[in-house]
Protein chains: 2
Amino acid sequence: MSIFDVIAFDADDTLWHNERYYVEAQARFAQLLSQYHKPEWVHERLLDTETRNLQHFGYGVKAFALSMIETAVEFTEGRISGVDIQKVIDLAKEMLSADVQLLEHVAETVSQLVIGNRLMLITKGDLLDQESKILRSGLSEYFQYIEILSQKTRESYQRVLKRYSIVPERFLMIGNSLKSDILPILELGGSAVYIPYETTWLHEVADAPADDQQGYYLLENIAQLPALLEKLEK
Amino acid sequence: MSIFDVIAFDADDTLWHNERYYVEAQARFAQLLSQYHKPEWVHERLLDTETRNLQHFGYGVKAFALSMIETAVEFTEGRISGVDIQKVIDLAKEMLSADVQLLEHVAETVSQLVIGNRLMLITKGDLLDQESKILRSGLSEYFQYIEILSQKTRESYQRVLKRYSIVPERFLMIGNSLKSDILPILELGGSAVYIPYETTWLHEVADAPADDQQGYYLLENIAQLPALLEKLEK
């Protein structure tokens, strides 16, 4: 008997690689602007533009592409060429069709946990892009529920739990973002397993809860999850 | 007693104006390129780009903005200025924050139908943009279920019906797009009310069902809906 009614997973950088595509795209973007500015400076300006545009464009590759274009126009004082703008759009299309690379141990862990547990996938970003990645990941059959949100906040999680009549105390969320996957769930009284990824987007940085906070667990990788669940169920 | 368990509404151009913002944006976009090409020619090229990009970018304002930029770069042979590219991005931001203008009779019809019926809203496009419009419309309290889809196909409707255990025979959909709102529902065995809007985006054009097709109804405006329902329930 599981002590959780539903075990939910974040997707990007929890089940499959995502941030590394953004890091690579940013490097190519900085290269494009290298005749005008230093890479570090381009990265900072791009982050400023993304932050300012979040309210308009939200998360995802299309928002990222529009912010790159805006940054390029602004900080070359309009001298960026049409050809280079097209390169940014092509970069976005590449990102949208890039291979979905599962993180290590994900396939075997998920296929093990699906036995005896109801699994949910909760991600945020562009609807079409996320649906396409879920399909291409080969994991969709394991998830009984799939939720794509525009933002991961206490309120948006609350709506998901309500929709499926799940009580927070019997809900476990696993993810790589303290801000989006862990803290809102703990606030609601649920449990959360934090598995840090190799890099964290600056918008997702937050302070970790105390190690002894009720319901909070830190793991190095997803392969340790079944053992943690077994321990909790004793 | 209603003969429908759920009455679902499309949102854009069924509950509130949408296409007119795109038409206006296209006119301003054509104006931006007027030194290079005629407006009709720009419209055709933009539609080509949008069609080609649908698979990558899906529906919504961000996809539209990226297609405008790509069209501008391509058909000015890269001569479009950075200032004009920025104007296109600003146009997108304006669209995303434009007032939500309800269609005539919508407010009173929805508030009338909510009595004794379970209402659903089913729309497609950008998640954040659609959520924001629903919120700003002032109508969200009337809808027990809200579904934002990346595409409106037979399969995506089927998933929605399954999620809420609704049988198609007791499901009614109301919308302005034959292709997205009407035909898939009729195929599933549900009922559908087609209320044409003043303009139809070329991607949404489709042949109307025969007037006597089972479950298909054509109305001029939403104010006629309560009378139709009353007739059907007799």
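A compact table of results
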read-out	value
Qualifying residue in segment A:81-92 (condition: of a type in the set (A, V, I, L, M), within 21 Å of the chain's Cα centre (by Cα) and crowded, with 16+ Cβ neighbours inside 10 Å)	yes
Per-region count, segment A:40-80, residues within 17 Å of residue B:79 (Cβ to Cβ), surrounded by fewer than 18 Cβ atoms within 10 Å (Cβ to Cβ) and of a type in the set (Val, Ile, Thr)	1
Given (1) in contact with a Pro (Cβ under 7 Å, 6 or more places away or on another chain); (2) under 30 Å from residue B:232 (Cβ atoms), index of the condition residue B:16 fails	(1)
Candidate set: segment B:199-214, residues that are assigned to a loop (DSSP other than H, G, I, E, B) and in contact (Cβ under 8 Å) with a residue 40 or more places away in the chain; chosen: the one farthest from the chain's Cα centre (by Cα)	B:199
Selected residue [of a type outside the set (D, E, K, R) and touching a Phe, Trp or Tyr at 6+ places or on another chain (Cβ under 7 Å)] from A:96, A:103, A:127	A:103
Yes/no for residue B:83 being facing another protein chain (nearest Cβ under 7 Å) and either of a type outside the set (A, V, I, L, M, F, W, C) or closer than 17 Å to residue A:70 by Cα (or both)	yes
Residue check, residue B:54 in contact (Cβ under 8 Å) with a residue 40 or more places away in the chain, in contact with an Asp or Glu (Cβ under 9 Å, 6 or more places away or on another chain) and either in a loop (DSSP other than H, G, I, E, B) or closer than 23 Å to residue B:157 by Cα (or both)	no
Single residue of segment A:67-76 satisfying the filter (of a type outside the set (A, V, I, L, M) and either in a loop (DSSP other than H, G, I, E, B) or more than 13 Å from residue A:36 (Cα to Cα) (or both)) that is farthest from the other protein chains (Cβ to nearest Cβ)	A:67
Candidate set from segment B:98-118 (those that are in a helix (DSSP H, G or I) and under 22 Å from the mean Cα position of the chain (by Cα)); member that is nearest to residue A:82 (Cα to Cα)	B:106
Subset of segment A:115-136 [farther than 24 Å from residue A:97 by Cβ and of a type outside the set (D, E, K, R)]	A:115, A:116, A:117, A:119, A:120
Verdict on residue A:111 being at pLDDT 95 or above and among the small types (Gly, Ala, Ser)	yes
Output for segment A:147-179, where each listed residue is more than 14 Å from the chain's Cα centre (by Cα) and not charged (D, E, K, R)	A:156, A:157, A:158, A:160, A:161, A:164, A:165, A:166, A:167, A:168, A:171, A:172
Considering residues of segment A:27-43 that are part of a helix (DSSP H, G or I) and among the aliphatic types (A, V, I, L, M) only, the residue nearest to the chain's Cα centre (by Cα)	A:27
Among the candidates A:101, A:158, residue that is under 26 Å from residue B:130 (Cα atoms) and either more than 14 Å from chain B (Cβ to nearest Cβ) or not acidic (Asp, Glu) (or both)	A:158
Any chance residue A:177 is surrounded by 15 or more Cβ atoms within 10 Å (Cβ to Cβ) and assigned by TED's automatic domain parsing to the domain that holds residue A:110	yes
Pick from segment A:116-152, criterion farther than 22 Å from residue A:4 by Cβ and of a type in the set (A, V, I, L, M), ranking: farthest from the other protein chains (Cβ to nearest Cβ)	A:135
Odd one out for residue A:95 among (1) within 10 Å of chain B (Cβ to nearest Cβ); (2) part of a helix (DSSP H, G or I); (3) surrounded by fewer than 23 Cβ atoms within 10 Å (Cβ to Cβ); (4) free of Cβ contacts under 8 Å to residues at least 40 places away in the same chain	(4)
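Listed here are the residues, each with its yes/no results for (1) of a type in the set (Gly, Ala, Ser); (2) at pLDDT below 95.
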position: A:157; (1), (2): no, no
position: A:169; (1), (2): no, no
position: A:176; (1), (2): no, no
position: A:182; (1), (2): no, no
position: A:198; (1), (2): no, yes
position: A:208; (1), (2): yes, yes
position: A:228; (1), (2): no, no
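Conditions tested, residue by residue: (1) under 26 Å from residue B:133 (Cα atoms); (2) more than 10 Å from chain B (Cβ to nearest Cβ); (3) out of contact with any helix residue (DSSP H, G or I) (no Cβ under 9 Å at 6 or more places or on another chain).
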| residue | (1), (2), (3) |
| --- | --- |
| A:16 | no, yes, no |
| A:22 | no, yes, no |
| A:26 | no, yes, no |
| A:37 | no, yes, no |
| A:53 | yes, no, no |
| A:65 | yes, no, no |
| A:78 | no, no, no |
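The values are calculated or read from the model by the stated rules, or taken from the named source; none is laboratory data. In this text the structure is predicted, and so the values were computed from the model without any measurement. Backbone-built Cβ (ideal geometry, glycine too); neighbour counts: all protein chains shown.
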